[in-house]
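Scroll down for the structure; my scribbles are underneath it.
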Amino acid sequence: MTRIYALLLIACLSFSSLTADARKIPRSLYGHISLTSGDSIIAEDTIRVSIPQKKKKLEIIANAYTHKSKIERVIDPDSVRAATIWTPSAPERPHTFVFLKEYGWCQEVEHSPYITLYCYASKGFHISGNGGIWIRGKGKMLVLKGGKIYDFGQPDKKLDKKLLAKFESLVADDPDYAAYLRTARGRRDKILRSLVMYNPKNL
């Protein structure tokens, strides 16, 4: 009995040690990291990448979720052109993140050749097993046009007349889309996602 008890104690201590080590490694997923140098990093199989959060550096993790798990490489956000992340269980639902210096890591929500919509989360993002993405903390909807970022506030709030007028002024060179916006109602994120319809006539 004493020997059995000793073996059980060792097993419990080993499990506790692994759990403690695992807590040091951030939750990580599959991904494709495109660097400004033109190189890229693929994180699949036993290689994972940390979920882009706030202004933190990206971490490439080897032997993820095993007792040999370790952070193999740390990547400065300024050296990343874009990071596309997905869960192993939902590869058909990838999420692309871009680092905006004024804010941090932002999810690219909609993109066109003329205008891009991003979402910033003050406490980062959570990506669930089915590929869904959730905001932690307060979110901001950001529109990038002509190299300038415009802040449209929290995604779940209504787009009031003042902000709607601000958005209309950004797309005034597409009269058809601007006219559509005048009739738009509802949450900011829903309305702003329609910017993929924007097609400026003078470009």
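Here the peptides 141-151, 187-197 are ranked by packing, the mean other Cβ count within 10 Å, and the order with the highest first is 187-197, 141-151.
Spacing of the modelled spin labels on K161 and H126, each 7 Å from Cα toward Cβ, amounts to 3.9 nm. Model label points for R193 and H67, set 7 angstrom from Cα along the Cα-to-Cβ axis, are 4.5 nm apart. Let me make sure I get this right: for the stretch 44-91, a, b and c are the square roots of the gyration tensor eigenvalues over alpha carbons, sorted descending. Under 1.5 in a/c it's rounded, otherwise prolate if a/b > b/c, else oblate. Which is it? Cα axes put the stretch 44-91 in the oblate bin. Would you mind getting me the FRET efficiency between A184 and T36? Use the beta-carbon distance for r and R0 = 25 Å, nearest 0.05. Efficiency at R0 = 25 Å is approximately 0.10. Using a 7 Å offset from Cα along Cα-Cβ at Y114, what residues in the stretch 120-144 end up with backbone N under 20 Å from the label point? It comes to 142-144, nothing else. Packing here is the average count of other Cβ atoms within 10 Å per residue, and on that basis the peptides 131-139, 93-101, highest first, run 93-101, 131-139.
As a rough guide to protection, the peptides 152-165, 66-79, 103-116 ranked by mean Cβ packing within 10 Å, highest first, stand as 103-116, 152-165, 66-79. Rounded to the nearest 10 degrees, the inclination of helix 161-170 to the longest alpha-carbon principal axis of the chain is 80 degrees.
Approximating the spin labels as points 7 Å out from Cα along Cα→Cβ, the E44-to-S89 distance works out to 2.1 nm. Take every pair of alpha-carbon atoms less than 8 Å apart whose residues are at least six positions apart; their mean separation over the length of the chain yields a relative contact order of 13 percent.
Note that the chain shows a convex hull volume over its alpha carbon atoms of 144 Å³ per residue. Taking the Cα centre of the stretch 84-186 as origin and assigning +1 to Lys and Arg Cβ atoms and -1 to Asp and Glu Cβ atoms, the resulting dipole is close to 500 debye. Rounded to the nearest 20 debye, the dipole magnitude of the chain is 860 debye, with +1 charges on Lys and Arg beta carbons, -1 on Asp and Glu beta carbons, and the Cα centre as origin.
Quick note: the coordinates plus some simple rules give every number you see, no bench work behind them. Everything numeric here is computed off the predicted structure, so don't read it as measured data. Don't worry about glycine lacking a Cβ; one is built from the backbone with ideal geometry, like all the others, and counts go over all protein chains shown.
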